[in-house]
1. For a test of the definition: using alpha carbon positions, the gyration tensor, and the 1.5 limit on a/c, classify region 142-193 as rounded, prolate or oblate.
2. Hey, what's the Cα Rg ratio for the chain versus the globular rule of thumb, 2.2 N^0.38 Å?
3. Would you work out which of Ala64, Thr159, Pro201 lies farthest towards the positive end of the dipole of region 61-202? Charges go on Cβ: Lys and Arg +1, Asp and Glu -1.
4. Would region 38-115 count as rounded, prolate or oblate if I go by the C-alpha gyration tensor, calling it rounded below 1.5 in a/c and otherwise prolate when a/b exceeds b/c, oblate otherwise?
5. Determine the dipole magnitude for the chain: charges of +1 sit on the beta-carbon of Lys and Arg, -1 on that of Asp and Glu, nothing else is charged, the reference point is the Cα centre, and the result goes in debye to the nearest 20.
6. With a 10 Å cut-off between alpha carbons and a GNM built on the chain, which of Lys172, Lys84, Lys143 moves the most?
7. Identify the GluC sites (Glu not before Pro) of region 56-132 meeting these criteria: DSSP loop state and at most 12 other C-beta atoms within 10 Å of the C-beta.
8. Tell me which of Asn134, Thr92, Ser117 sits at the most positive position along the dipole axis of region 69-157, charges placed on C-beta atoms (Lys, Arg +1; Asp, Glu -1).
Amino acid sequence: MSYRFKLLATVIALSLAGTAAAEAPKVTRIRGDIVSFSADTLTVHRRSGDTVVIALKPEVTVGAVKNIQLSDIKPGSFVGTAAKTGADGKLTAMEVVVFPESARGTGEGHYDWDLGSGSSMTNANVDSVVQSTNGRDLKLSYKGGSNNVTVPTNVPVVTFAPASRADLIAGKQVFVVATPDSADHFTGLRVIVEKDGVVPPM
């Protein structure tokens, strides 16, 4: 893996940590379809139905994700998984991102997420992987705690892949971490764009 790609994967992983750090600035996660991109301005139609304008400074990185197999998650992997809590209190993954080794420890912990009511994000080390009738059960540990998460077989499992601003094409789906300037204008921090048919599942 090149130094440039290691750096890209690390900064994207930092953006996914969102509000994990106590000193982190207020951020908004924007998910939707690209309307246009020109002159460092990205316009996105959000899933919520509104359209927002995002300023991308020259230093803002653009990345993508690629599919990997559930079987690629091994003991010792460092992952981030958004999950929902069932009535029984157990966590079921909605997606899993496997971080490159260079990004190990980024955003480590368990905190609220915004993929629906009761969703959470856990960035943690995989202590064990057990095959179950519903997929695989991951035992995760992080500083200050641990979780057990079931990953169904139909859940997206991805890792980071390189991309560029040339991939910011109208109609492609994006996941953008940004700071709000007003109700519909933002300053982008990181962008993950759909590439080769793989939509960012975060």
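1. Oblate shape, in that a/c is at least 1.5 and b/c is the bigger or equal ratio.
2. Compactness ratio reported: 1.00.
3. Going by the Cα projections, it comes out as Thr159.
4. Verdict is oblate for region 38-115.
5. Dipole magnitude for the chain comes out near 280 debye.
6. Lys143
7. Here the GluC sites (Glu not before Pro) that fit, given the DSSP loop and packing criteria, are Glu59.
8. Of the candidates, Asn134 comes out farthest on the positive side.
No lab work stands behind these numbers, since they all come straight from the coordinates. Computed from a predicted model, the values in this text were never measured in an experiment. Reconstructed Cβ throughout: ideal geometry from the backbone, glycine too, with neighbour counts over all protein chains shown.
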